[in-house]
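A.B. asks: Quick one: the structure is below, and I'll ask about it shortly.
Every number in this text was worked out from the coordinates using simple rules, so none of it is lab data. Bear in mind the structure is a predicted one, so any value in this text is a computation, not a measurement. FYI the Cβ positions are ideal-geometry reconstructions off the backbone, even for glycines, and counts take in every protein chain you see.
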Amino acid sequence: MLGRRPDELPGIPITDLTTEGARGEVERKLGHLHEESAEASDVCFRRADGTDLWAIVSSSPVSDDDGALVGTLLMVTASGSSTTSASA
């Protein structure tokens, strides 16, 4: 989707993959990941070739067996008509 190989992505902050206009909103949402509620948002990413990719970013809390929050699962789903590329 982003025009990058999967091995290029680890270590790159998600805000470095978004457009400048989306960075503030993404940073705000990342600050709320510790909350125990699922959320979905439209985010504009910047592909490696400089074109925009609109995607839905869904987050869900991950709890251990005792119900304590241990992390967050993020899922990115391309949206719109610009989803023709199947690479990462």
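A.B. asks: Tell me the Rg and the Dmax, in Å, that the Cα atoms of the range 6-78 produce.
C.D. replies: Considering the range 6-78 through its Cα atoms, Rg and Dmax are 13.4, 45 Å.
A.B. asks: Starting with the highest mean, order 10-19, 38-47, 51-60, 66-75 by the number of other Cβ atoms within 10 Å, averaged over the residues of each peptide. Present the calculation step by step, with values, prior to reporting the outcome.
C.D. replies: On the way: 10-19: 13.0, 38-47: 15.3, 51-60: 16.8, 66-75: 10.8.
So the order, starting with the most tightly packed, is 51-60, 38-47, 10-19, 66-75.
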